[in-house]
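Worksheet: one structure, shown below.
Computed from the coordinates by the stated procedures, all read-outs in this text should not be read as laboratory data. Being a predicted model, the structure only gives us computed values, none of them experimental. Ideal geometry is used to build each Cβ from the backbone, glycine not excepted, and the neighbour counts take in all protein chains shown.
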Amino acid sequence: MNETSVLGLIDELSDLIEDGKPVLGNKERRSIVIGEALEILDDIRRQFPAEFAQARQVVREQQNILEDAEVEANRILEDARNQALIVASEQEIVRIAQQQAENVLADAREMEREIRAGAEDYADTVFSHIESTVNQINENVRRCRERLNNKATR
């Protein structure tokens, strides 16, 4: 655009009207050179379609920029949602693995208690049998000594 844009031409026409001489002492009427006014109006008519087309082009470009920005924003949002799902999924996997590890440890502790209790019961049974056997041996030894002592006193 040059200096004679539509707004500049309108200002020029306004100046032409304001600078016109009042007619018959009436401030509301002015005398202007009609040729200059018509020439400015013709310039406005020539400029206006070009400026209007440029304005439409600017609006179209802005609309395209906004659409591109919206597409990019939607893509970024979708990527963020996908990343959030991946992170949440990974966290869920970790949580499940931790829960399974805790279950395995609890099962191992329970099994250890059961094995320990079984081993203690078995040891008690073995010791009871040994005690009974030792008692029988002691009883046999005592009887043998008594016989031996009875034979020695005769």
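Summary of values
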quantity: Average Cα contact separation per residue, segment 6-153, under 8 Å, 6 or more apart, as relative contact order %; calculated: 14 percent
quantity: Matching label, percent of Cα pairs over 28 Å apart computed from the structure shown, candidates (i) 22; (ii) 32; (iii) 73; calculated: (iii)
quantity: Distance in nm between pseudo-label sites at Asp124 and Glu51 (7 Å out along the Cβ direction from Cα); calculated: 10.8 nm
